[in-house]
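Encoded as structure tokens, the structure appears first; notes follow it.
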């Protein structure tokens with residue numbers, strides 16, 4: 001039986017509600033139309049919930065299909081990254097010394113005169129003028145300390161000039177007390193708070209708590225926007241309520257003008273929590289949990305982190321070295337306290353007290369210290385491996401197969417690089433690679449996309465890119481087979497290639513043209529048209545069935 005709730009316009013009880021978000025009730029179509037001007041900014045297929053464990057989070061209010069856009073949102077605040085060379089403070093383009101326009105009011109450099117008028121520049125322009133002396137930037141191309149405070153200063157400015165925006169920023173999580181006393185907190189106080197007090201002469205305007213809270217808000221909620229090099233930072237409102245999960249059901253992307261898009265990576269049922277992955281889903285559990293603890297101040301206990309086999313993939317498993325044993329080593333659990341305030345990234349100092357890794361087959365035990373040393377040694381080997389060298393990748397995989405599970409994160413990392421690399425060394429592309437390498441590329445692309453569907457099904461950018469690579473490899477295989485087996489065989493391969501390409505295009509549909517994945521998505525659409533024509537011609541050339 002439908003539950004009656006008050007109409008949002010007239011308060012008359014009604015069971016009818018907005019079909020899109022399933023949250024707001026209306027007693028009539030007229031009242032729905034009347035309220036739409038206001039509601040359209042809030043109408044998403046999710047409702048805000050809150051509890052003691054998650055704080056504020058988003059819950060699906062109806063069924064959401066994979067690929068559906070859940071929300072699109074403009075940023076509350078944008079600004080340069082904390083560590084950055086001089087960039088335009090209007091559009092964030094990297095500046096070159098001989099191609100700058102200086103703001104006549106404050107002296108900050110820009111890429112064009114038009115950018116000096118961008119409203120986002122108002123805060124630092126205001127405080128620089130108030131300071132009474134223009135800014136002089138003389139070095140370009142290397143990190144500049146004057147830019148470390150800009151994004152935080154833009155947040156602080158809202159306190160006295162835009163109370164509504166200030167209230168939205170203050171509602172975001174800052175983990176102020178968790179951050180206090182950490183190495184990052186000490187550095188931010190010196191490089192941001194003291195700079196704001198001394199350089200801008202604002203020691204009597206903003207106190208330590210206000211500045212450090214804004215530092216935390218930017219650190220915890222800031223999204224790196226990859227539309228330019230270097231990336232810039234944006235803080236959003238409702239997107240900040242989306243919780244983390246190492247096996248998330250949603251992914252984020254950006255429009256060309258810097259708005260964020262949250263879309264479903266898988267089908268989502270009503271009542272499910274909306275989630276994205278705050279870290280790299282292709283890191284092992286220890287690295288993911290350490291990064292989340294160090295940068296976001298929580299310890300992840302999601303389904304994937306709680307399962308040492310990582311949903312059966314053995315993504316962190318090490319090969320047992322006991323003679324004739326074919327088992328793999330894993331600890332009893334990765335869910336152990338992590339030291340938030342550690343200054344060392346070394347795994348030995350992460351508070352991981354696993355003590356022993358146990359073999360799934362022979363039950364032999366190996367100390368955590370030995371495993372960590374092995375992983376550090378392999379990590380060093382990986383760090384010095386020549387870039388762009390397929391042979392080096394194959395040697396690494398062959399060597400480390402004696403120590404690691406075939407789908408271990410190190411093996412997957414190198415396999416991914418190799419899969420994308422094959423066909424790039426020859427100007428003829430895939431037509432110039434050997435049959436063995438073409439088969440290897442095909443196998444790796446299939447293996448990694450299957451792995452991603454288990455570990456990170458919402459990682460659509462990587463899956464879409466790999467499927468694009470796979471479609472090309474399948475098509476090239478078909479071309480070669482047709483030389484000996486005829487057009488009928490080629491038609492089968494091209495039909496399979498088209499199916500793979502169609503999935504790739506769907507996964508990359510929301511990517512902007514500024515990103516490689518966006519350009520791949522557009523190329524996929526072009527290739528689909530060409531493949532349809534090829535399939536039509538091949539079909540026409542085949543003899544008609546009797």
Filter region 249-266 for residues that are over 16 Å from residue 463 (Cα atoms) and assigned to a loop (DSSP other than H, G, I, E, B) and give the result. 255, 256, 257, 258, 259
Hits in region 205-258 - residues which are free of Cβ contacts under 8 Å to residues at least 40 places away in the same chain and not assigned by TED's automatic domain parsing to the domain that holds residue 94: 252, 257
Qualifying residue in region 520-536 (condition: at pLDDT 95 or above, in the same structural domain as residue 489 (by TED's automatic domain parsing) and within 19 Å of the chain's Cα centre (by Cα)): yes
Considering each of 416, 467 in turn, give the residue that is assigned to a helix (DSSP H, G or I), under 28 Å from residue 537 (Cβ atoms) and under 22 Å from the mean Cα position of the chain (by Cα). 467
For residue 66: the one exception among (1) touching a strand residue (DSSP E or B) at 6+ places or on another chain (Cβ under 6 Å); (2) part of a loop (DSSP other than H, G, I, E, B); (3) within 27 Å of residue 163 (Cα to Cα): (3)
Would you say residue 471 is in contact with a helix residue (DSSP H, G or I) (Cβ under 9 Å, 6 or more places away or on another chain), outside the structural domain of residue 390 (by TED's automatic domain parsing), under 28 Å from residue 245 (Cα atoms) and crowded, with 20+ Cβ neighbours inside 10 Å? no
Among (1) out of contact with any helix residue (DSSP H, G or I) (no Cβ under 6 Å at 6 or more places or on another chain); (2) farther than 24 Å from residue 226 by Cβ; (3) buried (at least 16 other Cβ atoms within 10 Å of the Cβ), there is one condition residue 479 misses while meeting the rest; what is its number? (3)
Go through region 407-439 and give me each residue that's under 19 Å from residue 382 (Cβ atoms) and without any contact (Cβ under 8 Å) to a residue 24 or more places away in the chain. 411
Members of region 506-530 that are closer than 24 Å to residue 453 by Cβ, touching a residue at least 40 places away in the same chain (Cβ under 8 Å) and in contact with a helix residue (DSSP H, G or I) (Cβ under 7 Å, 6 or more places away or on another chain): 507, 508, 509, 511, 517, 520, 521, 524, 527
For region 287-318, the count of residues that are part of a helix (DSSP H, G or I), in contact with a strand residue (DSSP E or B) (Cβ under 9 Å, 6 or more places away or on another chain) and surrounded by fewer than 20 Cβ atoms within 10 Å (Cβ to Cβ) equals 1
Go through region 137-153 and report how many residues are outside any helix (DSSP H, G or I) and crowded, with 21+ Cβ neighbours inside 10 Å. 2
Can you find a residue in region 354-366 that is part of a helix (DSSP H, G or I), modelled with pLDDT of 95 or more, surrounded by 13 or more Cβ atoms within 10 Å (Cβ to Cβ) and over 26 Å from the mean Cα position of the chain (by Cα)? no
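Listed here are the residues, each with its yes/no results for (1) surrounded by 15 or more Cβ atoms within 10 Å (Cβ to Cβ); (2) in contact with a strand residue (DSSP E or B) (Cβ under 6 Å, 6 or more places away or on another chain); (3) in a strand (DSSP E or B).
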{"residue": "21", "(1), (2), (3)": "yes, no, no"}
{"residue": "34", "(1), (2), (3)": "yes, no, no"}
{"residue": "44", "(1), (2), (3)": "yes, yes, no"}
{"residue": "53", "(1), (2), (3)": "no, no, no"}
{"residue": "58", "(1), (2), (3)": "yes, yes, yes"}
{"residue": "71", "(1), (2), (3)": "yes, yes, yes"}
{"residue": "82", "(1), (2), (3)": "yes, no, no"}
Pick from region 221-232 the residues that are assigned to a strand (DSSP E or B) and within 13 Å of the chain's Cα centre (by Cα): which of them is surrounded by the fewest Cβ atoms within 10 Å (Cβ to Cβ)? 224
Kindly indicate whether residue 517 is closer than 12 Å to residue 464 by Cα, outside the structural domain of residue 229 (by TED's automatic domain parsing) and outside any helix (DSSP H, G or I). no
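The values are calculated or read from the model by the stated rules, or taken from the named source; none is laboratory data. These numbers come from a predicted model, not from an experiment. All Cβ positions, even for glycine, are placed from backbone atoms using ideal geometry, and neighbour counts span all protein chains on display.
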